Structure formats: structure tokens, C-alpha cells
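Below are the C-alpha cells for one structure; questions will follow.
The values are calculated or read from the model by the stated rules, or taken from the named source; none is laboratory data. Every value quoted in this text rests on a predicted model; they were computed, and no experiment measured them. FYI the Cβ positions are ideal-geometry reconstructions off the backbone, even for glycines, and counts take in every protein chain you see. Only protein heavy atoms, including side chains, enter the accessible area calculation; ligands, DNA and RNA are left aside. Shrake-Rupley method; radii C 1.70, N 1.55, O 1.52, S 1.80 Å.
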Amino acid sequence: MLELRGLSAGYGGNPVVRGVDLTVREGEIVALVGANGGGKSTLVKAVSGLVAPLAGEIFFGGKPIAPLSPRARVRLGIVHVPEGRQVFAGLSIAENLRLGAWARRAQGKRAIEERMREIAGRFPVLLERLDEPAGTLSGGQQQMLAIARGLMAEPRLLLLDEPSLGLAPLLVVDIFRLIEALRARGIAVLLAEQNARMSLGIADRGYVIETGRVVLQGTGRELMTRPDIAERYLGVGKAVGAQSAARVAELAARLRGVLTARD
């Protein structure tokens, strides 16, 4: 679905992302893992069109999209849920959702209202409060609204930038359960997330980004069981050989158990 070839992107002519090759297939979750400042958000913005590439190519559905505007990319099915939620606090929840469907407004008001009810129905707390200002929601509820607003645009590929940032642990679990449910509906997800433990726990594949470059890639399970990744990003501690790999495998199993138990 998505392919990056040698992508470099940044600001003011200065690259933050350098020579990245990456793919996202239909209906899979791909995690971008790395420390703050490593280039995850810049890469996501380059895919959505908010940052122009300095070099390399971006393909969606086999066609080059680098010259396309962000609006044109939304119409193709690339939808970006930015870091920090960025809901319109003074507008109602319903108005925020309608704005998400702006690129689909040619479908008509009735179709958009039906979609809004269907999307909000996946988030009971939103459905019950459609006429209330978005600013009255908690941080976790605002994140749900931001994702629901993205779904209003009928994405084929959803770009999620730090969806768990600043949330309490129980809400983080809810957000990651929601991301898993999107995959079950056939929506591909590119997930830029500092919480490597959770993101790799649900990811089909992952890429580790350091100083703007991809330094490792593999399945979520493979990356979680690598001692160097465990030590640097999963908080497991000093990693040594098979014993450490077994500890990380146990951690991954426990994570999947938590997500399943919350279902």
C-alpha cells in the first residue's frame, strides 16, 4: 500500500529523516520505534504531505504521491491523526467529527451524518456527548475523538503520531485495543509511538529509527525479543543472551494477555 524509497525530509533544507526505505501493506500495523527527536513525526508528516521530501520517493497503491497536496492524499485514503490530539476545544464533538469528513463532503450531509453516528457508536463516551464541547473531554477521550475524526475521512491508511502521549496506563491499553480493532476492519496503520513495548506488542512489523535513519526492522515479536532493543526501549535492563530474550518474550505474552483481557 505505502512504499518509501530513500526518503529524506526535514525543515529549512535540513534533513531530519535520511534515506528511509519503508513499506506498509494492506491491513497491517507497522510501528515506528525510537527516542524523541529521532525523526518519527517528521516521517509521518512527509507521508501525509505536511513536510515536503528533500529526496527519495513516496508511493501509495503503486503510484507516486510526493507532488500531491495533503488534501489530495486524504482523498486517496491517507489520514493523519497528529501528535497532541489537536481537537477544536470550542466546537462540539459532533462538529469535530463533521470536520473530519470535509474531504468527503461531496457525499452529502445525510451520508456524513450517518457515518458520524456509526463512527461515534464505536466510542460510547462520544456518542453520549455529541453536543458537548470537545474541550470538556478528558485527555484520553480527546484522543479517541481525534482518532474518530480521522476515521470520518474513510482512511485506507491511518497515520497515528504518539497516540498514547500523556495518557494514564489504563487509557493507553484502551487506545491500543482500538488500534488493533482498526486492523481487524482492514485499515492499515503506521504507528509512530515512543511506547515501544505497547506498539511492538500489537505490530505486525516494526522499524527502529535513530537520528533519522532506520537501523533495524523486523516483525514486532522479533524486535521485542532482541536484547539490544529490550535494553534500550523496553526498560528490561541489561540484556544478556537467551535468558534476556526469554524475559522479553514473556513480557510480550503478558502484554497480549492484557489487551485480550480488556476486550
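Within the range 163-213, restricting attention to residues that are small (Gly, Ala, Ser) and touching a Phe, Trp or Tyr at 6+ places or on another chain (Cβ under 9 Å), which residue is farthest from Val30 (Cα to Cα)?
Looking at residues that are small (Gly, Ala, Ser) and touching a Phe, Trp or Tyr at 6+ places or on another chain (Cβ under 9 Å), I get Ser164.
Please note which helices (runs of 4 or more DSSP H) are completely contained in the range 121-197 and include at least 3 residues that are without any contact (Cβ under 8 Å) to a residue 24 or more places away in the chain.
Here the list reads 124-127, 169-184.
Filter the range 149-173 down to residues that are hydrophobic (A, V, I, L, M, F, W, C) and surrounded by 23 or more Cβ atoms within 10 Å (Cβ to Cβ) and give me whichever is nearest to the chain's Cα centre (by Cα).
This residue is Leu160.
Every residue, every condition in (1) among the hydrophobic types (A, V, I, L, M, F, W, C); (2) modelled with pLDDT under 80; (3) closer than 28 Å to Ser48 by Cβ, yes or no:
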| site | (1), (2), (3) |
| --- | --- |
| Val173 | yes, no, yes |
| Phe176 | yes, no, yes |
| Ala181 | yes, no, yes |
| Ala184 | yes, no, yes |
| Glu210 | no, no, yes |
| Glu250 | no, yes, no |
| Arg256 | no, yes, no |
| Ala261 | yes, yes, no |
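Show the residue pairs that are 6+ apart or on different chains and have beta-carbon atoms under 7 Å apart, the first residue being within the range 29-48 and farther than 13 Å from Ala196 by Cα and at pLDDT 95 or above, the second being open to solvent by 10 Å² or more (accessible area, probe 1.4 Å) and of a type in the set (Lys, Arg).
Pairs found: Ile29/Arg183.
Any idea which of (1) open to solvent by less than 60 Å² (accessible area, probe 1.4 Å); (2) touching a helix residue (DSSP H, G or I) at 6+ places or on another chain (Cβ under 6 Å) is the one Phe88 doesn't satisfy?
The failed condition is (1).
Would you check which residues across the range 49-85 are among the basic types (Lys, Arg), modelled with pLDDT of 95 or more and open to solvent by 30 Å² or more (accessible area, probe 1.4 Å) and list them?
Lys63
Could you grab me the full set of residues in the range 106-138 that are β-branched (Val, Ile, Thr) and either surrounded by 13 or more Cβ atoms within 10 Å (Cβ to Cβ) or under 20 Å from the mean Cα position of the chain (by Cα) (or both)?
Within the range 106-138, Ile112, Ile119, Val125 qualify.
Considering only the range 98-105, I want to know if a residue exists there that is out of contact with any Gly (no Cβ under 9 Å at 6 or more places or on another chain), without any contact (Cβ under 8 Å) to a residue 12 or more places away in the chain and open to solvent by less than 70 Å² (accessible area, probe 1.4 Å).
The answer is no, given that none of the residues of the range 98-105 is out of contact with any Gly (no Cβ under 9 Å at 6 or more places or on another chain), without any contact (Cβ under 8 Å) to a residue 12 or more places away in the chain and open to solvent by less than 70 Å² (accessible area, probe 1.4 Å).
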